[in-house]
Amino acid sequence: RFMLDAVRAAAVSDACSAVKVAASRCLGDLMRSNLDAPWTHEVCAELIAQMTTEENRSSTGGLCARILDDVREYFFGAGARGRVAQLGQLLSAVRQQRNREFLPSLLRVHRQAVGLERQRRDASEFAATLLSALTAAPEPTLMIGLQAVGEAAPWTLAGHLHAVGVFLAVGPTPGAGEEVMAIGACQVIADVVAALGMAASRPLSPWVWSRLYALASRHSSRLARPAMRCLAVAAEVEGSGSRIRGPLRQAVRILRSEADEPRATPGIVRAAWMAATACEYCDLDRLVSWEDLKFAARPGGPARVGAAVADDLVRIISHATRPGHAGDASSLPGLILALGFSLRRQLRVAATANVAAAFAHALAVHRGHELLAERALEAYTQLLESLVRQADSAGARPTSAVAAADGTSVAPGDVATSFARH
């Protein structure tokens, strides 16, 4: 303990790169020599924390690589199976710090050290052991760790999705622990299906699909969104809208009713999140027609289903935020987030004056509506971040056009300009 505290203090307080490297080297040697000691996970956590600081990433050259080589011994070295609970907690902590690069980097370093075949075997064994521990003792930290594995190495869980699906079963009024486990299971399934395609979606049992439908259709929006993401991702990889037509039809019916005649329809936020999530994670305009939904396009409104969902949300929000409106506004924070979800593929709609005006009204803070303004700012920020990521992935500048799902193209800067005018 004394050595750990001393080295930690040296690494944190001294600005000299040589001292930082030497301190990390001492911690690495300490960990390698005591892999099964009860305090070793603290050493490993400290090494990861040092590696992920911006100062260390930019100023100490090979420090991160050396730390990763030490940490991989803790994750994949002798006795790793017996440390699975501590490893899951470490991954959970790293994920909660929004560090998405740690595990892919660790796997890359391990592959360089032992070769591809051994790396895939070790990673698959680790994933299976983590899932077994989670099944034996369901803990949110282990589920978060499994989410990190599913995101970084989805192939390790290809044959385990039915076991992950067990956590989709929740009671009529699930507690916070049940919700966390179900949301985590949804994310793991969606990430694996998105990465592996039909090879992962087709083997899923009818029971898993039925649980996803139940979460999307009968539970809160917190559960409806991750469940609908699974269904939408499966629809996208399978090239068929059959997975989403039922729940989407239910959601569109509620949105259309509220848009045509505002009256605070029960379940409006869940319906909005379901439809908006489908817009976000699959090409709704290609996979689903108005005939599939047993609806007709609104006269004078968007001809495509995805754009119509965003348009209905704009209508609902605009009506509820107009001056003098005295109705129930409790659903507005959830609806403005849903609008942001729905616009991430509908770029042409995102750049319209009606959308910008809806956000402007929501951002005009009035007493008692501070949460609405917070959510509007969150949704707008996430939308712009999504557009910039799309531009980056296309190798374009933010001022360059990004192809939208509806076949048009819009530059992220155009969306920002439209919002700024309002």
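The values are calculated or read from the model by the stated rules, or taken from the named source; none is laboratory data. If you're wondering where the values come from, they're calculated on a predicted model, not measured in any experiment. What goes into the accessible areas is simple: the full protein's heavy atoms, side chains included, and nothing from ligands, DNA or RNA. Shrake-Rupley method; radii C 1.70, N 1.55, O 1.52, S 1.80 Å.
Accessible area per residue for segment 154-195, computed on protein heavy atoms with a 1.4 Å probe, is 35 Å².
3J(HN,Hα) along segment 348-359: 5, 5, 4, 8, 7, 5, 4, 5, 4, 5, 4, 5 Hz, from the Karplus curve 6.51 cos²θ - 1.76 cosθ + 1.60 with θ = phi - 60°, whole Hz, x for Gly and Pro. Contact order for segment 140-261, expressed relative to its length and based on alpha carbon pairs under 8 Å spaced 6+ residues apart, stands at 24 percent.
Its Cα gyration tensor gives segment 274-361 an equivalent ellipsoid. The semi-axes, each the square root of 5 times an eigenvalue, are 23, 14, 12 Å from largest down. Only protein heavy atoms count here; on that basis, with a 1.4 Å probe, Glu291 has an accessible area of about 150 Å².
For segment 130-242, the Kirkwood estimate of the hydrodynamic radius, built from every pair of different alpha carbons, is 13.7 Å. In segment 184-286, the alpha-carbon atoms span a convex hull of 83 Å³ per residue.
Pairs of C-alpha atoms in segment 136-188 farther apart than 18 Å represent 25 percent of all such pairs.
Extents of segment 161-205, largest first, come to 33, 17, 13 Å (Cα atoms, principal axes, whole angstrom). Here Val349 sits with roughly 30 square angstrom of accessible surface, probe radius 1.4 Å.
Surface composition of segment 126-263: carbon plus sulfur atoms hold 56% of the accessible area, using a 1.4 angstrom probe and ignoring ligands, DNA and RNA.
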